Structure formats: structure tokens, C-alpha cells
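One structure below.
The values are calculated or read from the model by the stated rules, or taken from the named source; none is laboratory data. The model shown is predicted, which means the values in this text are computed figures rather than measured ones. FYI the Cβ positions are ideal-geometry reconstructions off the backbone, even for glycines, and counts take in every protein chain you see. Accessible surface is based on the protein model in full, side chains and every heavy atom, while ligands, DNA and RNA are left aside. Shrake-Rupley method; radii C 1.70, N 1.55, O 1.52, S 1.80 Å.
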Amino acid sequence: MTPPALPPDSHVHSEFSWDTAGRTSMEAACGRAQELGLPSIAFTEHLDLTPWYVPAESLEMFPRVGANYIGTDSTFRAPRLDLDAYFASVERCRARFPSLRILTGVEFGEPHWFAGELAQLLAGGRFERVLGSLHSLEIEGTPRVVDEWFHTDRVAGEAEAESVRAYLDELTRMADADGDFEVVAHIDYLVRQIEKAGRQHDPRPFEGEYRAALRALAGSGRALEINSRLPLDPTLVRWWHEEGGEAVSFGSDAHTPE
């Protein structure tokens, strides 16, 4: 029996994403994709414009490579994506792996906060996959990356529930906003942080908030990403369908070829 075809991997990072820290290369990722029999791979590199406040007590919890970009004001500012080098690498890989469909892409953080910058980036028409992601929350009036925020002792119990609701509310605003991103990446990004902190997340107490976000996403005509880095709770996929969602996109969110 012929095995079922694998879906395209529409969310992959290479050396051009600031958080890969030399652990990968575009060519190595293409080689692994070809070895697995993937029909297509999209290199959706990080483009984060949100300045994240990282207090001194959270430095050790912040992603190691990210600490390289924290200034004396305790604010993280991501390096800009080197577009010329990125597109040149894509062309080299297309020549080396002609049987693999290789797409250009970007994962744009908080696209509803930077609509003008996103429009300017996409004006050249060179990106074939555009993901919108929400990595941040405004905490006490200051943008914080949720990875760091959730690894503090303050986020547990009711504080955790409040943060989940705040995240889903912001996700709803992002899905409702105008913008040229076509997929909302990892709607369960916050769940990763909860589980990293050693706790489990049950989506059912937040059904209203999840459904609102999914309804806004469905109404926008965008796709829901099924991110395999953390298996998406099947309940969310059912709610997505019930709220009118018509399309999904699969992505490994790989930061290494393995």
C-alpha cells in the first residue's frame, strides 16, 4: 500500500531567523525535507519589531540567543532579517534541490501592531507565505514576550487564567485586523509556555475566548495553523470547524533540521 502523502511544511526557520543561533541552515533543512519525502517547504523567517522589556530577574529565563540583543535599557530588539542574503540562499537551494518546492516566507510578530511596516515589507511581492504570530502581551503597560513572562513564579493559578484570557483577546484583535498575513501561527503558543512551566492546560474553561478568536480568524478568510511542535488539542480543531474555519496549514516550526 502506498503511504499517504505528507503535507507541505509551511513553517520552517533557517539561519536567517534570529533565534536559531547557528543550529541550522537552509540547505540542511532542505536536505532533511527531501529525505522525509516532503513535497514542499516554506522558510518563514522571524521578523519581530516589538521591543520586549526583559527585567534583570528574567534574563536567565529569556531565550539564550535573544539575550545578545538586550540593550542597557533591558529592552530586547530583534535584528532585522537580511533580505538580500535570505533570497540568495533560497535561489541556491532551489537549484540544489529541484524536486523540492521551496517557498519564501516570513513569520511577522504582532502584525496588527505594525500594519504599515508589514505592508511595506510585502510591497515587493517576494514572499509566498506570510504567517502572523502573537508572541507578546502588554503587561503593566509594557510589551513582554510570553516565553519570559510565563517562566516567572507570578504566573500561576488565577494569574495564569487571566493571562490566557488576555492572550486570546489579543489574538482575536489580531485576527480581526487588516493585514496581508494569510495564516495565524500557533494559536496555542501560550500553551507551550504553560507546559514548559510544568503545568497542563485545559482549553474548555476558556471556550468562549477560544471560539471568539477562531470566529474572527474564520471571518478574516485566513487559515489556522496546525503546528506540530506541540500537538494542537483536537477540541480546538473541532471549534475551528464549528466557527466556520475552512482551511488549515501544517507547520513543524522547526529550528533545527532534525
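What residue among Asp147, Asp178, Asp48 has the largest mean-square fluctuation in a Gaussian network model of the chain, using Cα springs under 10 Å?
Ranking Asp147, Asp178, Asp48 by mean-square fluctuation puts Asp178 first.
Just to be sure I understand: with springs between alpha-carbon atoms less than 10 Å apart, which residue in Ala159, Ala218, Ala42 has the highest mean-square fluctuation in the Gaussian network model of the chain?
In this elastic network of the chain, the residue with the biggest mean-square fluctuation among Ala159, Ala218, Ala42 is Ala159.
Most fluctuating residue of Ser58, Ser17, Ser136 in a GNM of the chain with Cα springs under 10 Å: which is it?
Among Ser58, Ser17, Ser136, the largest mean-square fluctuation in the Gaussian network model of the chain belongs to Ser58.
Name the long-range amide H neighbours of His11: under 5 Å, sequence gap of 5 or more, or other chain; modelled H, no Pro or chain starts.
Residues meeting the amide H criterion: Ala42, Ser252, Asp253.
Using Rg/Rh (Cα atoms, Kirkwood Rh) as the read-out, say which of (1) 0.95; (2) 0.99; (3) 1.02 was calculated from these coordinates.
Answer by label: (1).
Would you mind working out the magnitude of the charge dipole of the chain relative to its Cα centre, with +1 at each Lys and Arg C-beta and -1 at each Asp and Glu C-beta, to the nearest 20 Debye?
760
Taking the Cα centre of the stretch 1-99 as the origin, how large is its charge dipole in debye, to the nearest 20, when only Lys and Arg (+1) and Asp and Glu (-1) carry charge on their Cβ atoms?
With only Lys, Arg, Asp and Glu charged at Cβ, the dipole is about 280 debye.
Given the -39500 (n - 2.57) contribution per DSSP H run of 4+ residues, what per-residue ellipticity at 222 nm results for the chain, rounded to the nearest 500 deg cm²/dmol?
Result for the chain: -10500 deg cm²/dmol, rounded to the nearest 500.
Of Phe108, Ala95, Ala21, which is farthest along the charge dipole of the chain in the positive direction, counting Lys and Arg as +1 and Asp and Glu as -1 at C-beta?
Ala95
Once neighbouring chains are kept in place and the probe is 1.4 Å, which whole percent of the accessible area of the chain is contributed by carbon and sulfur?
Roughly 50 percent, rounded to a whole number.
May I ask which residue of Val184, Gln120, Gly31 lies farthest towards the positive end of the charge dipole of the chain, with charges of +1 (Lys, Arg) and -1 (Asp, Glu) on Cβ and the Cα centre as origin?
Result: Gly31.
Give me the accessible area per residue for the stretch 171-258, probe 1.4 Å, as a whole number in Å².
46
Please calculate how many Å² of accessible area the stretch 8-78 carries per residue, with a 1.4 Å probe and no DNA, RNA or ligand atoms counted.
I get 42 Å² per residue for this part.
Which is farthest toward the positive dipole end of the chain among Val248, Ser40, Ala197, measuring Cα position about the Cα centre, with Cβ charges +1 (Lys, Arg) and -1 (Asp, Glu)?
Ser40
Of the GluC sites (Glu not before Pro) in the stretch 152-251, which ones lie in a loop per DSSP and count no more than 15 other C-beta atoms within 10 Å?
Glu246
Sorting check: for 210-216, 49-55, which peptide has the highest mean count of neighbouring beta carbons within 10 Å, and how do the rest follow?
Per-residue Cβ counts within 10 Å, averaged per peptide and sorted highest first, yield 210-216, 49-55.
Amide H of Ala223 versus every other amide H placed in the peptide plane: which residues, excluding those fewer than 5 positions away on the same chain, fall under 5 Å?
Val183, Val184
Please give the charge dipole size of the stretch 115-224, origin at the Cα centre, charges +1 on K and R Cβ atoms and -1 on D and E Cβ atoms. Round to the nearest 20 debye.
In debye, rounded to 20, the stretch 115-224 gives about 300.
Please figure out what share of the DSSP beta bridges in the chain is antiparallel and state it in percent, rounded to the nearest 5.
Percentage antiparallel, nearest 5: 25.
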